Amino acid sequence: MPEHRPPGGSRIFAGLDIGSSAVKVVLLDGDGSFAGHAVRVLGSDLRHAAAAALDDAAGEAGLKRPSFDGLVATGFGRSAWTEASAAKTEISCHAKGSYHDVRRPHTLIDIGGQDCKIIRIDGQGRRMGFRMNRKCAAGTGAFLEEAALRLRVGLETFDDLARSSTRDVEIGSYCTVFAAAEILHLIRRGVEMPDIVKGLFGSIVQRTMEMDLLEGDVVLTGGVAAHHPFLIRMFETRLGRPVIVPPRAQFTGALGAAIFALEAWSGRHA
Amino acid sequence: MDVGRIVTFKPFASSARMRELMAGYFRDLNRAALEGRPKIAWCSSVGPAELLLSLGYAVFYPENHAAMLGATREARKTIPVANAAGYSPDICSYLTSDIGAYLRRETPLSKVYPEIVTVPRPDVLVYNNVQCRDVQEWFSWYGREFAVPVLGVATPRNIAAITPELLAGIAGQIRALVPPLEKIAGRRFDIDRLRAVMSLSRDGSEMWKRVLEANRVRPAPLSFFDAAVHMGPAVVLRGTEEVLAYYRVLLREVEGRVARGEGAVEGERFRLYWEGMPIWGKLRDLAEFFIGLRTNIVASTYCNSWIFESGDLADPFLDLARSSAGLFIAWDEDAKERYLRDMAETYGVHGFIFHDAKTCPHNSNNRYGLPGRLEKATGIPTLTIHGDVNDLRCYSEDQTRTAIEAFIERLEEG
Ligand code: SF4
């Protein structure tokens, strides 16, 4: 039992998602209500970033110390957090978190820093199948980061740039390096920056649509969706129907992990 | 999930006998190469090995050699050499690792048998292209290098049914190999000798089948990873008494495990099927990973490919043709699906893993929608992992492990 409790003294459960470019934390109380969250850039010291994110989230929840009644780790660095009570893959945690948010069958697309996954979820929240992108970063956050570096503009300006585009250009390559060559070609042709950025967004949408048939309701999560509302609009246009973006789209995996932590505790204390 | 446990293979005592057998085989081949007799034939795995053996050839199997390059991870050094010599990283990594090793004047055999400094020089190379084009290109490279004949059998692929016409066509091609092979061997062909070798070969194959079929029980005594290793004698020593004797010994050990209720994987929870080539450089890592997940890969197309269909030996050429056309890799998608459904039932599998081997398209059976059809027909979940036979540049450890773990989590959910 943790010593320092927020007002009301409820229990706190943590979900820790150590992704390839950021660490995300979600805290839930014993009723499953949201208690806090935090995100930290991963950097080179994975444990340091995770500890800092846990500290931040504990602060938001009014805890004096990051001490929890259960913590489930997920993401590519899940096994590095040895203090976790359990580790679960990001596939399971995303499915859990996403179903918690939408509560009906859907297809989840999570576009993370280094990978893109598509998970089909049934009416009971069970995973019916999943696909992950192949080895190239095309269609992921890393692809946008790489392009921002090449274009010498901040990634945070991408959404506004794309929104102001007036013409469509296509960036068709499968491969990040080839796509970079395409960008150079567009620059040489005098294509405007906003059009290139919109082309990059279009390429992410296209790579994702090639991975799966995307049947039924579509939910989009991950940092790329959370930070680029215009990309979501483009997705909707391509799909021909609205997509659902949960309120904390970057934290879906961490939320799922926190729910697993809470469920494990409830199972033990039923 | 408890995946961090330190786990190891449960070795089979018979392995020691297997190592002796393999050592004897490679030393005999080396001696033949040094003494110039018997003549040496290189043969593809589905090639007409029995015909070559009946003509007295010592037979070397480049695919087995390539698998060793993969398993020892020597392939990491040798593939780039073949790439630099103009053989694309996108083509068969058995081919590129093997040719690269030759160009570096290396063989993994030297590490185990110091007296062997090179692969045995062939007098002839004989392939069957039922599996792919690459095997033909591979053998042709050596044919040019050694200035020796390259003979081949062209077998149709994607076949829906084995018809008499199809068999006659293949049998005719195998028969046509006899005169040139007689000439190179300096020996007359004897059809009864061929029948005798084939009969032994079929008995060995039958015994291997019994070993694999012991895995029908729960817990399964053998894993895919054990089977991939113990397959060695079935590959390189086919048609010999020793193979038959060896699989008798192994079968006894496997049956002992069955009698004691001892599984290859402690606390076996899930039983999976492996479709596609092994990832040789990760064989052991993956074996241990699955043990940690308390999951056993109980059956595979790969290990079953060394069980050869056989009928009567009245016309042995026809029977060799039957073996070739009877292989999974030769069939069309529907026939493959039927086979996998049967295997799932026979072995009681909870899931299928399809290995999409980047450089081996013909043995990556996920590429034309088969996993989806299979899942729909059987309700058994499938997972496709992306890797390669020998080229670990095409393999992502993290991504593969996450995909497998997530698949097991899905099975846990029921
Ligand atoms: S089947 Fe695959 S591994 Fe075997 S020779 Fe052909 S391409 Fe290479």
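Throughout, read-outs are computed from the coordinates displayed, never taken from laboratory work. All of these numbers come straight from a predicted model, not from anything done at the bench. Glycine gets a Cβ as well: all are built from the backbone with ideal geometry, and neighbour counts include every protein chain shown.
A DSSP coil position with no more than 14 other Cβ atoms inside 10 Å describes the following GluC sites (Glu not before Pro) in region B:46-142: B:Glu115. Inter-chain Cβ neighbour count for B:389-400, averaged per residue, equals 2 (cutoff 10 Å, partner chain atoms only).
So, in Å, what gap is there between the alpha-carbon centers of region A:229-246 and region B:21-66? Taking the Cα centre of each part, region A:229-246 and region B:21-66 sit 62 Å apart. Overall, the ratio between the Cα radius of gyration of region B:20-189 and 2.2 N^0.38 Å, rounded to two decimals, is 1.06. For the protein assembly as shown, DSSP calls about 40 percent of its internal beta bridges antiparallel. Counting only lysines at least 8 places from B:Lys209 when in the same chain, those with an alpha carbon closer than 22 Å to its own are B:Lys10, B:Lys336. Applied to region B:160-168, the Karplus parametrisation 6.51 cos²θ - 1.76 cosθ + 1.60 on θ = phi - 60° returns per-residue 3J(HN,Hα) values of 8, 8, 8, 9, x, 5, 4, 5, 4 Hz, with x for Gly and Pro. Counts of other chain beta carbons within 10 angstrom of each beta carbon in peptide A:89-99 average 3.
Based on C-alpha pairs under 8 angstrom that are at least 6 apart in sequence, region B:105-160 has a relative contact order of 33 percent. Note: relative contact order over chain B, using C-alpha pairs below 8 Å and six or more positions apart, is 19 percent. Under the convention that each Lys and Arg Cβ holds +1 and each Asp and Glu Cβ holds -1, the size of the dipole of region B:194-412 around its Cα centre is about 180 debye.
Qualifying trypsin sites (Lys or Arg not before Pro) in region B:163-234, where qualification requires a DSSP coil assignment and no more than 13 other C-beta atoms within 10 Å, comprise B:Arg188. Remark: B:Ser205, B:Ser110 ranked as B:Ser110, B:Ser205, counting other beta-carbon atoms within 10 Å and listing the fewest first.
Can you tell me the 0 to 90 degree angle between the C-alpha axis of helix B:397-413 and the longest principal axis of chain B, rounded to 10? With both axes taken from Cα atoms, the answer is about 50 degrees. A straight line joining the Cα centroids of region A:157-199 and region B:228-303 runs 51 Å. Converting phi to 3J(HN,Hα) with the Karplus coefficients 6.51, -1.76 and 1.60 and the offset θ = phi - 60°, region A:105-117 yields x, 6, 10, 9, 10, 10, 9, x, x, 10, 9, 10, 10 Hz in sequence order, with x at every glycine or proline. In loop segments of region A:193-270 as defined by DSSP, there are no chymotrypsin sites (Phe, Trp or Tyr not before Pro) with at most 14 further C-beta atoms inside 10 Å of their C-beta.
Ranking B:Ile291, B:Phe224, B:Ala196 by Cα position along the charge dipole of region B:194-412, where only Lys, Arg, Asp and Glu carry charges on their C-beta atoms, puts B:Ile291 farthest toward the positive end. For region B:20-189, averaging the sequence separation of C-alpha pairs within contact (under 8 Å, six or more residues apart) and dividing by the residue count gives a relative contact order of 23 percent.
The label point for A:Glu215 and the one for B:Ala85, both projected 7 Å from the Cα toward the Cβ, are 4.9 nm apart.
Placing unit charges on the Cβ atoms only, positive for Lys and Arg and negative for Asp and Glu, gives the protein assembly as shown a dipole magnitude near 600 debye about its Cα centre.
The H on the amide N of B:Val46, modeled in the peptide plane, is under 5 Å from the matching H of B:Asn128, each at least 5 residues off or on a different chain. Cβ-to-Cβ counts within 10 Å put B:Thr378, A:Thr166 in ascending order as A:Thr166, B:Thr378, the fewest first.
Calculated mean residue ellipticity at 222 nm for the protein assembly as shown: -14500 deg cm²/dmol, from DSSP H runs with n ≥ 4 weighted as -39500 (n - 2.57), summed, divided by the residue count and rounded to 500. Rounded to the nearest 20 debye, the dipole size of region B:20-189 about its Cα centre is 280 debye, using +1 on the Cβ of Lys and Arg and -1 on the Cβ of Asp and Glu.
Taking GluC sites (Glu not before Pro) in DSSP loop states with no more than 16 other Cβ atoms inside 10 Å as exposed sites, chain A has its longest site-free stretch at A:84-169. Report note on the peptides B:220-233, A:19-32, B:306-319: ranked by the mean count of other C-beta atoms within 10 Å, highest first, their order is B:220-233, A:19-32, B:306-319.
Taking amide hydrogens as placed 1.01 Å from N in the peptide plane, the amide H of B:Lys39 sits under 5 Å from those of B:Ala58, each at least 5 positions away in sequence or on another chain. Legend: calculated FRET efficiency, A:Leu46 to A:Val177, from the Cβ-Cβ distance at R0 = 30 Å, rounded to 0.05, equals 0.65. Kirkwood Rh, the protein assembly as shown, all Cα pairs: how many Å? Computed over Cα pairs of the protein assembly as shown, the Kirkwood hydrodynamic radius comes out at 27.7 Å. When DSSP beta bridges are limited to those with both residues in chain A, what percentage is antiparallel, rounded to the nearest 5? Here the share of antiparallel DSSP bridges comes out near 70 percent. What residue among B:Asn83, B:Ala67, B:Pro11 has its Cα farthest toward the positive end of the dipole of region B:1-87, where the charges are +1 on Lys, Arg and -1 on Asp, Glu, each on the Cβ? Positive-end residue among those listed: B:Pro11.
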